[in-house]
Amino acid sequence: LRQPWPDAAQQCLLQALQKNALDDLPWNANTTQLLARLQWLHRQQPDQWPDCSRAALSESLHDWLLPFLNNIYSLAELQKINLHDALKNRLEWNQWQALDTQAPTAITLPAGTTRELDYLAENGPVLRARLQEFYGLNVHPTLPNGQRILLELLSPAQRPIQVTRALPGFWHGSYKEVAKDMRGRYPKH
């Protein structure tokens, strides 16, 4: 069959996406993390940030996704869409400018390494890094809104050895026990 008129194809695609809860869109780690950051901001400031839950996105497909459906005639062709830009289309210009400031993607640690924040985590955002990368950090890292980041301190084998929202308390408290245990398990480190 020849391809349908663009408007008819777009309406069919939007209906199929709503029916399938947006599963046919080209989700990847980058877009999923962006969505998690936007949802976190919405939970913090619901009056300033749009709801970006799958349900809200599904209801507003005409607003943010329709401009990206030109020359798309099948669910398979949806993989060509730049979903990151489409989600960005949901934001106003000032919100897009403030996104990286209010919900940064990464934090630089005293060791000079930059580690990604995980906004998908249940108690997120979470910062995971080896314990040694936090040496010299005497103040607990926070987000611009003042919320403390949940730190997951990892062993050299990348296994969690401590989870905390009070890094200075960890240094003055249970660090001695953790260091003693680490010396036995990882003598080179």
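Within the range 75-127, restricting attention to residues that are of a type in the set (Ser, Thr, Tyr) and without any contact (Cβ under 8 Å) to a residue 60 or more places away in the chain, the residue that is least open to solvent (accessible area, probe 1.4 Å) is 113.
Within the range 47-73, which residues are free of Cβ contacts under 8 Å to residues at least 24 places away in the same chain and not acidic (Asp, Glu)? Passing the criteria: 53, 55, 56, 67, 68.
Being touching a helix residue (DSSP H, G or I) at 6+ places or on another chain (Cβ under 9 Å), open to solvent by 60 Å² or more (accessible area, probe 1.4 Å) and assigned to a helix (DSSP H, G or I) is a property that does not hold for residue 63.
Taking the range 21-44, which residues are over 19 Å from residue 118 (Cα atoms), without any contact (Cβ under 8 Å) to a residue 40 or more places away in the chain and open to solvent by less than 80 Å² (accessible area, probe 1.4 Å)?
Result: 21, 22.
Among residues of the range 100-137 being of a type in the set (A, V, I, L, M) and in contact with a helix residue (DSSP H, G or I) (Cβ under 6 Å, 6 or more places away or on another chain), the one that is farthest from residue 45 (Cα to Cα) is 111. Could you tell me whether residue 145 is closer than 16 Å to residue 41 by Cβ and either open to solvent by 40 Å² or more (accessible area, probe 1.4 Å) or among the hydroxyl-bearing types (Ser, Thr, Tyr) (or both)? The answer is yes for residue 145.
The values are calculated or read from the model by the stated rules, or taken from the named source; none is laboratory data. What you see is a predicted model; the values in this text were computed from it and never measured. Methodologically, a virtual Cβ is constructed for each residue, glycine included, from the backbone with ideal geometry; neighbour enumeration extends over all protein chains shown. Keep in mind that these areas ignore ligands, DNA and RNA; they rest on the heavy atoms of the full protein, side chains included. Shrake-Rupley method; radii C 1.70, N 1.55, O 1.52, S 1.80 Å.
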